[in-house]
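Here, each number is a calculation from the coordinates, and none is a lab measurement. Everything numeric here is computed off the predicted structure, so don't read it as measured data. Positions of Cβ are generated from backbone atoms using ideal geometry, with glycine treated the same way; all protein chains shown enter the neighbour counts.
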Amino acid sequence: MHEQPGLLGPGVRHRKRHQFVACRAVHVTQRVRPGVGFLRKQGPAQTILAAIRAAATGGQMRIAHYSVQGSHLHFVVEADGTAALSLGMQGLAIRIARRLNARLGRKGPVFADRYHARVLSSPREVGNAIRYVVGNYRHHTREHLPARFRDPLATGAHEPLEMPRLWLLRVGWHTLTPRPFQPP
């Protein structure tokens, strides 16, 4: 692992990214710099959500699911290729950084490192990624949460931000959901 300036701990390795040319589902994680502050506070969170909603549709990258955590963001997106993912994430990062800097009265970089992306290729991978993203606050929190808790800073598993075009994100991952027994 290597250290990045302004980042506590190792950064995302600068390995060649997985290349793809057709529409794919991708789990993306992006961390903010330590000086930016806690993202789940009311002001920053609302600013980030507005930027995400504004960037969710159109283009060659579409955001299906998201989750805002204290120091990082998770997304499940569909992208029409590697270049589309790169341009879409760059545009989203710029949109969030400009709005967040204006809201917080600060200047300079917001994101600590380049984004981490994992291409999802099976219904199981997509289902696991969606459940992980929308349930991420429960994973990180130290407080007791009721069983029916729904994170207000994340999409619901069955309520994507934008209806995906890709079968895996729209329907495919649901095929793993156990169905109630029905007699013949």
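Between amide H atoms placed 1.01 Å from N, distances below 5 Å from T155 occur with Y66, all of them 5 or more places distant or on a separate chain. Between A22 and R95, the C-beta separation translates, for a Förster distance of 41 Å, into a calculated FRET efficiency of about 0.95.
Within segment 94-184, the GluC sites (Glu not before Pro) that combine a DSSP coil assignment with at most 10 other C-beta atoms in a 10 angstrom radius are E143. With the convex hull drawn around the C-alpha atoms of segment 24-82, the volume per residue stands at 78 Å³.
The HN-Hα couplings worked out from phi for segment 116-130 by the Karplus form 6.51 cos²θ - 1.76 cosθ + 1.60 (θ = phi - 60°) are 9, 10, 10, 6, 9, 10, 10, x, 5, 4, 5, x, 4, 5, 4 Hz, whole numbers, x standing for Gly and Pro. Here the dipole of segment 53-184 is about 360 debye; that uses its Cα centre as origin and unit charges on the Cβ of Lys and Arg (positive) and Asp and Glu (negative). Each label point was placed 7 Å from the Cα along the Cα-to-Cβ direction; for A83 and T57 their separation is 2.6 nm.
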